[in-house]
Amino acid sequence: MANTWGYGAMTNSLGDIQNSKAIIIFGANPAVNHPVGFQHFLKAKERNNAKIIVIDPRYTKTAAKADYYAQIRPGTDIPFMYGMLNLIFKNGWHDENFIKDRVYGMEDIMEEAKNWPIERVADVTGVDADLIVQITRHYAHQNPGTLVWAMGLTQHTNGSSNTRLAPIIQLALGNMGKEGGGTNILRGHDNVQGATDMCCLSHTLPGYYGLSDGSWKYFAKSWNVDYEWLKGRFKSPEWMNKKGFTLSRWWSGVLGGNPGEDKIHNAGTNLKALFVMANGITSTAQQKKVKEGLDNLELLVLCDPFVNEAAILTDKQDDVYILPAATQFETSGSVTATNRSAQWRTEIIKPMYESKTDHDILFDLAKRLGFYDQLTAGMLVREDKKEYKWPEDATDEIARTIKTIGLTGWTAARLKKHQENWHMFDEISMRGYGEMTGEYYGLPWPCWTEGHSGSPILYNINLPVKEGGMGFRNRFGLEHEGVDLLAGKGSAPKGSVAKDGYPEITRDNIEEVLKIKLTADEKKRIGKNWKVDTSNIIAEKCMEAGIAPYGNAKARAVVWTFADKIPLHREPLHSPRQDLVKKYPSFADKENHYRVDTRYISEQSEQNWSKDFPINLVTGRLVNMNGAGMENRASKYLAKLSPEMFCDINPDLAGRHGIRDGSMMWIHSPQGTKIKVKAKYSHSVSDDRIFLPFHFAGVMEGESLLHKYPEGTAPYAIGESANTVTNYGYDIVTQIPETKGGLCQIERA
Amino acid sequence: MSSNLNTEVDFARMKFYCDENRCIHCDGCSVACAEAHELPAEISRRKVVTVNEGKQGMEFSLSVACMHCTDAPCEEVCPVDCFYIRTDGIVLHDKDKCIGCSYCLYACPFGAPQFPSNGAFGTKGVMDKCTMCAGGPLETNSEHERELYGQNRISEGKVPVCAAMCSTKALLVGDAESVSNIFRERVMAAGHGPQSSPYGWDKAYGK
């Protein structure tokens, strides 16, 4: 996404789906995972006669509301999408002008699409050729159409290719930058977008600034700390620029160097301590490895309102600390919704008993570690204060610093005003009325200045920039292989001084692009470019000139820095179609992938996995649970809805293995792990695959761990974790685990 | 000022309606109900049912509770006459009169009456069911009423908690006329989309 057009975020919004004429959903189940948001899909059906198209290995609750449903084989989204593109290009259903003016490299996609005639697509995906034609014809003709996805597209070894090809479909059909169009990626938890924006990840600084020296210097300044002091915190300076471990492979950092484990690159040492804040690490892939990692730590600290079941999973006896953290009702501040809108929250009650808020826990920790003053220094800058006010000054620090995604307008005062007046915004367009006229609810980013409206729909050139319009971001240079990467003639946002494409705005080009003259004072205060211009002169001048600070360029279908320059089909590491593995093999093994060597082709070709493990395994959520499920299973009424771990299995498949409805069954993984769960007959899965919900913990390979819960903390329901049997396999770019298309074998217990 | 004011009171007739095109079996209604009235785990005043689960093109879900029937069969069969029907149509019962015989359960076409399962020697205890959040015969909003019948939201002018919580607004409750108005609006809107200009303007005057 970010590599296609600049930002990796939902381009439109849930409410805007009501403007869609067709909704195609790949690997998402909003009826279960976003039940409130799903009302907008249903309203689109009612009001627009919009057809819902669901592509999913399972007949989900979302599929039950669909007009077209394709039961795809896990891990074959790319062939399906190329099949669609093949038909689109062959029949001339694509938007030629849009592609010409606003997309780079579509020719390469057209070529690859030719390799996917519909019969081949049908063979690889397991979907009837006729149905693929019907779906494509319908989707291509109902404009605007929106494309929706979630973890079903991302959690694959080639998930990052999936999430590039889906936008390419939208580009081919000219569905971008339109009401009712866009790529509406559904974020899975509260504030995932905000956590991503602030980079609770290991590969960049907050706001996607990267890890270069220049970025660190910008942040040292913004945080009001000495750059040399920051540098001194690292083992040696070069580690400042290296990515860290990921959530999915942190345990490799502990186990690296052990026989049979992937090699790590971590300054000659293993990870020794783990500090977990509100993360269900018992719902990540390869649970037994997670346990081994936990067992071998020197120190484990878990902060959660409920007992984090990592404490139950591990056999570690000493130096495991469980800190009671407060809930979101006991603190305040802003969170970011899936559509890039901010929402302010108010503290409802003070933290109960001895629990503390997350920030207090971190402040206390920083005090003991001796850098509390530096940690909080940035909050004093704005008004040159002696003492900060939490969380307002933190919010203002973010607004002051994060230019890349345009958070300048997100001051605490404005966000609070939106919260107080949320009745004054339209449900569909998010436009404010009354006192809130001229603003969109939650000021969806980019919100370039303190007077900006917010941008409800990304890349919409039919609006002036100051009202939320913009082209695609100029992020990948001005030209590639001699081809101009800036947008074509006449494709500048409405009301702009420039009519065509233009580069991102810098100190050096601002006068030329904006056709203005800066005063001597402005020249003195202006920053080097729009991303580091703390004076905000660039953004302010851009608004006046109708120019998007980040430029107006073409989206790209080709990412020349990736292993696959255009998305290509590659079979999952553990594929039931060994005949296709030879034709569409996985990537070459990748060295030092977030500090750990990661296997692709060597794992895939190690043996004929499908011989001993012939059944596809997919995991997912239940509507009454969330994440690792601890807080839900500790609720009497939620636990009652699914009191036991189970496996959805087609009666045909179950019958062949002598497994009765409601009886116990074993599931074995290629990694040699197993779980014992209750069989639940269901026609939602075909007879070549099973489905497991991933919210259970507290049982490991048939053994109950109930005795390990601290007194009074055991939830109403415990069960085997699906992730004990999810397979090895991690995305080539992001390292997300391949949990939506592994293999397993089953037997009667 | 109008001189001939209608002095006849037109009572509301309260009804439930669950739109099967919208219900997604999220169980928001049933959990909200259990939580609000602090029900024992074995009591399900409201339940969501999915029919033909996983069968393509045949699956649908609905939320079911006491429908507060006109001529309620439960009331007809009750040997101790513990039921009473309010003027607005809400069917309630008196737990102090109920003998737990479960005749009402056999008479009810919706499986609404619930019985506690933890009595000694298989005795059932008194019946419990959806009150449309209208409490019981005891003093309105008293502690005693709350204990036996749960919250009385209707007396506070609030929508019953199930419908308030419904994630897709599939479950509607209220005066029959309001419910049918909402449904009518959904049916009429089907296929039209939000109007951006007066009817006919785009044809007559161009967009």
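Could you check how many residues of region A:58-74 are out of contact with any helix residue (DSSP H, G or I) (no Cβ under 8 Å at 6 or more places or on another chain) and more than 11 Å from chain B (Cβ to nearest Cβ)?
Final tally of qualifying residues: 1.
Restricting attention to region B:12-47, and to residues there that are under 25 Å from residue A:30 (Cβ atoms) and small (Gly, Ala, Ser), which single residue is nearest to the other protein chains (Cβ to nearest Cβ)? Give the derivation first.
Of region B:12-47, the ones under 25 Å from residue A:30 (Cβ atoms) are B:17-35, B:46-47.
Cutting the leftovers down to small (Gly, Ala, Ser) gives us B:28, B:30, B:32, B:34.
On the way: B:28: 7, B:30: 8, B:32: 9, B:34: 4 Å.
Taking the candidates together, the pick is B:34.
When both residues are 6+ apart or on different chains and their Cβ atoms are under 6 Å apart, which pairs have a first residue that lies in region A:539-561 and is at positive phi, and a second that is buried (at least 24 other Cβ atoms within 10 Å of the Cβ) and assigned to a helix (DSSP H, G or I)?
Close Cβ pairs (under 6 Å, with a partner that is buried (at least 24 other Cβ atoms within 10 Å of the Cβ) and assigned to a helix (DSSP H, G or I)) amount to A:546/A:465.
Please verify whether region B:125-132 includes one or more residues that are of a type in the set (Lys, Arg), within 17 Å of the chain's Cα centre (by Cα) and under 19 Å from residue B:69 (Cα atoms). Explain how you work it out, then say what you get.
Applying the first criterion (of a type in the set (Lys, Arg)) to region B:125-132 yields B:129.
Checking the rest, the ones that are also within 17 Å of the chain's Cα centre (by Cα) come to B:129.
Imposing the further condition that a residue be under 19 Å from residue B:69 (Cα atoms) reduces the set to B:129.
Among the residues of region B:125-132, at least one is of a type in the set (Lys, Arg), within 17 Å of the chain's Cα centre (by Cα) and under 19 Å from residue B:69 (Cα atoms), which makes the answer yes.
Give the residue, chosen from B:188, B:165, that is at pLDDT 95 or above, within 14 Å of another protein chain (Cβ to nearest Cβ) and under 29 Å from residue A:180 (Cβ atoms).
Values: B:188 fails: at pLDDT 95 or above.
Selected residue: B:165, the only one of B:188, B:165 that is at pLDDT 95 or above, within 14 Å of another protein chain (Cβ to nearest Cβ) and under 29 Å from residue A:180 (Cβ atoms).
Regarding residue B:12, is this residue under 19 Å from residue B:180 (Cβ atoms) and of a type in the set (A, V, I, L, M, F, W, C)?
Working: under 19 Å from residue B:180 (Cβ atoms): yes; of a type in the set (A, V, I, L, M, F, W, C): yes.
Here the answer is yes, as residue B:12 does meet what is asked.
Do you know which residues across region A:702-722 are touching a residue at least 40 places away in the same chain (Cβ under 8 Å) and of a type in the set (D, E, K, R)?
Across region A:702-722, the qualifying residues are A:708, A:720.
If residue A:47 satisfies all but one of (1) more than 9 Å from chain B (Cβ to nearest Cβ); (2) under 20 Å from residue B:186 (Cβ atoms), what's the number of the condition it fails?
Among (1) more than 9 Å from chain B (Cβ to nearest Cβ); (2) under 20 Å from residue B:186 (Cβ atoms), the lone unmet condition for residue A:47 is (1).
Might you let me know whether region A:611-619 holds any residue that is buried (at least 17 other Cβ atoms within 10 Å of the Cβ), under 25 Å from residue A:248 (Cβ atoms), away from chain B (no Cβ under 12 Å) and out of contact with any strand residue (DSSP E or B) (no Cβ under 6 Å at 6 or more places or on another chain)?
Quick first cut of region A:611-619, residues buried (at least 17 other Cβ atoms within 10 Å of the Cβ) only: A:613, A:615-619.
Cutting the leftovers down to under 25 Å from residue A:248 (Cβ atoms) gives us A:613, A:615-619.
Retained after the next criterion (residues that are away from chain B (no Cβ under 12 Å)): A:613, A:615-619.
After this cut, where a residue has to be out of contact with any strand residue (DSSP E or B) (no Cβ under 6 Å at 6 or more places or on another chain) as well, the list is none.
No, there is no match, as no residue in region A:611-619 is buried (at least 17 other Cβ atoms within 10 Å of the Cβ), under 25 Å from residue A:248 (Cβ atoms), away from chain B (no Cβ under 12 Å) and out of contact with any strand residue (DSSP E or B) (no Cβ under 6 Å at 6 or more places or on another chain).
Can we say residue A:531 is among the basic types (Lys, Arg) and either part of a loop (DSSP other than H, G, I, E, B) or out of contact with any helix residue (DSSP H, G or I) (no Cβ under 9 Å at 6 or more places or on another chain) (or both)? First the steps, then the outcome.
Working: among the basic types (Lys, Arg): yes; either part of a loop (DSSP other than H, G, I, E, B) or out of contact with any helix residue (DSSP H, G or I) (no Cβ under 9 Å at 6 or more places or on another chain) (or both): yes.
So residue A:531 passes the test.
Out of all the residues in region A:449-491, which are under 23 Å from residue A:398 (Cα atoms) and basic (Lys, Arg)?
Result: A:466, A:473, A:475.
What about residue A:435, is it free of Cβ contacts under 8 Å to residues at least 40 places away in the same chain, touching a helix residue (DSSP H, G or I) at 6+ places or on another chain (Cβ under 7 Å) and under 26 Å from residue A:194 (Cβ atoms)? Step through it out loud before you land on a result.
Values: free of Cβ contacts under 8 Å to residues at least 40 places away in the same chain: yes; touching a helix residue (DSSP H, G or I) at 6+ places or on another chain (Cβ under 7 Å): yes; under 26 Å from residue A:194 (Cβ atoms): yes.
Yes, satisfied.
Could you check how many residues of region A:202-214 are over 23 Å from the mean Cα position of the chain (by Cα) and either surrounded by 15 or more Cβ atoms within 10 Å (Cβ to Cβ) or charged (D, E, K, R) (or both)?
Residues that pass the stated criteria total 1.
When you look at residue A:220, is it in contact with a helix residue (DSSP H, G or I) (Cβ under 7 Å, 6 or more places away or on another chain) and outside any loop (DSSP other than H, G, I, E, B), yes or no? Outline the logic, then answer.
Details: in contact with a helix residue (DSSP H, G or I) (Cβ under 7 Å, 6 or more places away or on another chain): yes; outside any loop (DSSP other than H, G, I, E, B): yes.
Spelling it out, residue A:220 is indeed in contact with a helix residue (DSSP H, G or I) (Cβ under 7 Å, 6 or more places away or on another chain) and outside any loop (DSSP other than H, G, I, E, B).
Which of the helices (runs of 4 or more DSSP H) found entirely inside region A:75-168 contain at least 1 residues meeting this: within 25 Å of residue A:29 (Cβ to Cβ)?
Details: elements: A:77-90, A:96-102, A:106-114, A:118-125, A:129-141, A:151-154.
Passing ranges, in order: A:77-90, A:118-125, A:129-141, A:151-154.
Working carefully through the options A:603, A:591, A:631, find the one that is under 30 Å from residue A:268 (Cβ atoms), of a type in the set (Asp, Glu), in the same structural domain as residue A:726 (by TED's automatic domain parsing) and assigned to a helix (DSSP H, G or I).
Values: A:591 fails: assigned to a helix (DSSP H, G or I); A:631 fails: under 30 Å from residue A:268 (Cβ atoms).
Checking each option against the conditions leaves just A:603.
Determine if region B:76-84 includes at least one residue that is within 30 Å of residue B:21 (Cα to Cα) and modelled with pLDDT of 95 or more. Don't jump to the end; show me each part of the working.
Within region B:76-84, the first condition is being within 30 Å of residue B:21 (Cα to Cα), and the residues that meet it are none.
So far as region B:76-84 goes, no, none of its residues is within 30 Å of residue B:21 (Cα to Cα) and modelled with pLDDT of 95 or more.
Which one is surrounded by the most Cβ atoms within 10 Å (Cβ to Cβ), of the residues in region A:522-567 that are of a type in the set (Gly, Ala, Ser) and more than 30 Å from residue A:77 (Cα to Cα)? Walk me through it before giving the result.
Pass one, region A:522-567, residues of a type in the set (Gly, Ala, Ser): A:527, A:535, A:539, A:545-546, A:548, A:551, A:553, A:555, A:557, A:563.
Filter again for more than 30 Å from residue A:77 (Cα to Cα), leaving A:527, A:535, A:539, A:545-546, A:548, A:551.
Values: A:527: 17, A:535: 13, A:539: 25, A:545: 19, A:546: 20, A:548: 32, A:551: 26.
Among them, the one singled out is A:548.
Go through (1) of a type in the set (Gly, Ala, Ser); (2) in the same structural domain as residue A:502 (by TED's automatic domain parsing); (3) under 16 Å from residue A:670 (Cα atoms) and name the single condition residue A:539 misses.
The failed condition is (3).
Return the residues of region A:15-44 that are part of a helix (DSSP H, G or I), within 16 Å of residue A:67 (Cβ to Cβ) and touching a Ser or Thr at 6+ places or on another chain (Cβ under 7 Å); say none if nothing qualifies.
Of all residues in region A:15-44, those part of a helix (DSSP H, G or I) come to A:15-19, A:30-33, A:38-44.
When the remaining residues are screened for being within 16 Å of residue A:67 (Cβ to Cβ), the result is A:17, A:30-31, A:38, A:41-44.
Answer for region A:15-44, where residues must be part of a helix (DSSP H, G or I), within 16 Å of residue A:67 (Cβ to Cβ) and touching a Ser or Thr at 6+ places or on another chain (Cβ under 7 Å): A:17, A:30, A:31, A:38, A:42, A:44.
Please determine, by comparing only the residues of region B:82-92 that are under 14 Å from the mean Cα position of the chain (by Cα) and part of a loop (DSSP other than H, G, I, E, B), which one is surrounded by the most Cβ atoms within 10 Å (Cβ to Cβ).
Kept after step one, since they are under 14 Å from the mean Cα position of the chain (by Cα), are these residues of region B:82-92: B:88-92.
Subsequent filtering for residues that are part of a loop (DSSP other than H, G, I, E, B) retains B:88-90.
Numbers: B:88: 16, B:89: 18, B:90: 22.
Only one residue fits best here, namely B:90.
Can you tell me which residues in region B:49-81 are in a loop (DSSP other than H, G, I, E, B), more than 14 Å from every other protein chain (Cβ to nearest Cβ) and more than 20 Å from the chain's Cα centre (by Cα)?
Kept after step one, since they are in a loop (DSSP other than H, G, I, E, B), are these residues of region B:49-81: B:52-59, B:65-72, B:78-81.
When the remaining residues are screened for being more than 14 Å from every other protein chain (Cβ to nearest Cβ), the result is B:65-72, B:78-81.
B:78, B:79, B:80, B:81, listed by residue number.
Given (1) within 14 Å of chain B (Cβ to nearest Cβ); (2) surrounded by 24 or more Cβ atoms within 10 Å (Cβ to Cβ), identify the lone condition not met by residue A:128.
Only one criterion in (1) within 14 Å of chain B (Cβ to nearest Cβ); (2) surrounded by 24 or more Cβ atoms within 10 Å (Cβ to Cβ) is unmet by residue A:128, namely (2).
Let me spell it out: the conditions are (1) polar (S, T, N, Q); (2) within 27 Å of the chain's Cα centre (by Cα); (3) more than 30 Å from residue A:10 (Cβ to Cβ), and residue A:357 meets all of them except one. Which number is the exception?
Just one mismatch for residue A:357, condition (3).
Every residue, every condition in (1) among the hydroxyl-bearing types (Ser, Thr, Tyr); (2) at pLDDT 95 or above, yes or no:
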| position | (1), (2) |
| --- | --- |
| B:89 | no, no |
| B:93 | no, yes |
| B:103 | yes, no |
| B:106 | yes, no |
| B:111 | no, no |
| B:118 | no, no |
| B:126 | no, no |
| B:134 | no, yes |
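Could we say that residue A:177 is in contact with a strand residue (DSSP E or B) (Cβ under 9 Å, 6 or more places away or on another chain) and assigned to a loop (DSSP other than H, G, I, E, B) here?
Details: in contact with a strand residue (DSSP E or B) (Cβ under 9 Å, 6 or more places away or on another chain): yes; assigned to a loop (DSSP other than H, G, I, E, B): yes.
Yes: the conditions hold for residue A:177.
Would region A:352-361 turn up any residue that is in contact (Cβ under 8 Å) with a residue 40 or more places away in the chain, in contact with a strand residue (DSSP E or B) (Cβ under 9 Å, 6 or more places away or on another chain), part of a loop (DSSP other than H, G, I, E, B) and surrounded by 15 or more Cβ atoms within 10 Å (Cβ to Cβ)? Lay out the reasoning, then the answer.
Of region A:352-361, the ones in contact (Cβ under 8 Å) with a residue 40 or more places away in the chain are A:355, A:358, A:361.
After this cut, where a residue has to be in contact with a strand residue (DSSP E or B) (Cβ under 9 Å, 6 or more places away or on another chain) as well, the list is A:355, A:358, A:361.
From the residues that got through so far, the ones that are part of a loop (DSSP other than H, G, I, E, B) too are A:355.
When the remaining residues are screened for being surrounded by 15 or more Cβ atoms within 10 Å (Cβ to Cβ), the result is A:355.
Taking every residue of region A:352-361 in turn, at least one turns out to be in contact (Cβ under 8 Å) with a residue 40 or more places away in the chain, in contact with a strand residue (DSSP E or B) (Cβ under 9 Å, 6 or more places away or on another chain), part of a loop (DSSP other than H, G, I, E, B) and surrounded by 15 or more Cβ atoms within 10 Å (Cβ to Cβ).
Could you tell me whether residue A:651 is over 31 Å from the mean Cα position of the chain (by Cα) and within 13 Å of another protein chain (Cβ to nearest Cβ)? Quick ask: steps written out before the conclusion?
On the way: over 31 Å from the mean Cα position of the chain (by Cα): yes; within 13 Å of another protein chain (Cβ to nearest Cβ): yes.
Yes.
The values are calculated or read from the model by the stated rules, or taken from the named source; none is laboratory data. Predicted, not measured: the structure shown is a model, and the values here were computed from it. Backbone-built Cβ (ideal geometry, glycine too); neighbour counts: all protein chains shown.
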